[in-house]
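Engineer: Below is the structure I would like to discuss, written out as structure tokens.
The values are calculated or read from the model by the stated rules, or taken from the named source; none is laboratory data. These figures come from a predicted structure and were not determined experimentally. With ideal geometry, Cβ positions are generated from the backbone for all residues, glycine too; neighbour counts draw on all protein chains shown.
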């Protein structure tokens with residue numbers, strides 16, 4: 001679930017939640033370029049109030065779940081979700097590379113993660129030959145929390161005909 005939250009003291013958020021798949025379908029999360037209407041790069045735009053907030057905290061939580069996943073279908077879904085959230089990013093390319101690599105490794109054994117594969121269905125992660133490698137990549141993100149939490153960037157978000165610039169300090173602690 002995506003939560004409308006404030007990354008800084010630049011205003012209040014409504015605190016409402018949106019299912020992550022709904023937000024992806026409505027182009028309200030991840031990397032979205034709707035021209036002058038809205039541009040997001042690793043962000044979530046609340047479907048209720050329109051407030052934009054970062055998704056890296058959520059992204060990192062998903063990787064923590066993937067690191068400890070026991071079912072193959074769960075691991076595949078989480079890795080694919082994490083991949084989609086930052087696919088096409090310009091701000092978080094280094095972070096996206098980690099998940100992209102995990103996705104590629106996982107696909108060598110179970111097939112494409114974008115569809116339903118018989119190899120994904122409720123199998124046990126420990127039986128995958130690539131399990132340790134994929135979960136180690138997830139651990140890299142979690143263990144390097146100090147370096148990742150220092151990512152600071154200036155984001156420009158366009159909504160309507162107004163350009164909003166905000167300095168966003170990303171803290172990735174759970």
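Engineer: Of everything in region 1-15, what is at pLDDT 85 or above, out of contact with any helix residue (DSSP H, G or I) (no Cβ under 9 Å at 6 or more places or on another chain) and buried (at least 16 other Cβ atoms within 10 Å of the Cβ)? Give them in sequence order.
Structural biologist: 4
Engineer: Going by the structure shown, is residue 32 touching a strand residue (DSSP E or B) at 6+ places or on another chain (Cβ under 6 Å), farther than 23 Å from residue 134 by Cα and in a loop (DSSP other than H, G, I, E, B)? Working first, answer last.
Structural biologist: Working: touching a strand residue (DSSP E or B) at 6+ places or on another chain (Cβ under 6 Å): yes; farther than 23 Å from residue 134 by Cα: yes; in a loop (DSSP other than H, G, I, E, B): no.
No: the conditions fail for residue 32.
Engineer: Kindly provide the set of residues from region 37-64 that are assigned to a helix (DSSP H, G or I), under 19 Å from residue 87 (Cβ atoms) and touching a helix residue (DSSP H, G or I) at 6+ places or on another chain (Cβ under 8 Å), ordered by number. Talk me through it step by step, then tell me what you get.
Structural biologist: Pass one, region 37-64, residues assigned to a helix (DSSP H, G or I): 56-64.
Then keep just the ones that are under 19 Å from residue 87 (Cβ atoms); that gives 56-63.
56, 58, 59, 60, 62, 63 - these are the residues of region 37-64 that are assigned to a helix (DSSP H, G or I), under 19 Å from residue 87 (Cβ atoms) and touching a helix residue (DSSP H, G or I) at 6+ places or on another chain (Cβ under 8 Å).
Engineer: Could you check residue 42 against (1) closer than 15 Å to residue 4 by Cα; (2) over 10 Å from the mean Cα position of the chain (by Cα) and say which number it fails?
Structural biologist: Every listed condition holds for residue 42 apart from (2).
Engineer: Another question, then. For region 61-74, state whether one or more residues are touching a strand residue (DSSP E or B) at 6+ places or on another chain (Cβ under 6 Å), more than 21 Å from residue 143 (Cβ to Cβ) and surrounded by 18 or more Cβ atoms within 10 Å (Cβ to Cβ).
Structural biologist: Quick first cut of region 61-74, residues touching a strand residue (DSSP E or B) at 6+ places or on another chain (Cβ under 6 Å) only: none.
Among the residues of region 61-74, not one is touching a strand residue (DSSP E or B) at 6+ places or on another chain (Cβ under 6 Å), more than 21 Å from residue 143 (Cβ to Cβ) and surrounded by 18 or more Cβ atoms within 10 Å (Cβ to Cβ), which makes the answer no.
Engineer: Confirm whether residue 43 is at pLDDT 90 or above and under 30 Å from residue 128 (Cβ atoms). Give the steps one after another, and end with the answer.
Structural biologist: Working: at pLDDT 90 or above: yes; under 30 Å from residue 128 (Cβ atoms): no.
No: the conditions fail for residue 43.
Engineer: Does residue 24 qualify as being over 24 Å from residue 136 (Cα atoms), in contact with a helix residue (DSSP H, G or I) (Cβ under 7 Å, 6 or more places away or on another chain) and in a helix (DSSP H, G or I)? Reasoning before the result, please.
Structural biologist: Details: over 24 Å from residue 136 (Cα atoms): yes; in contact with a helix residue (DSSP H, G or I) (Cβ under 7 Å, 6 or more places away or on another chain): yes; in a helix (DSSP H, G or I): yes.
The answer is yes for residue 24.
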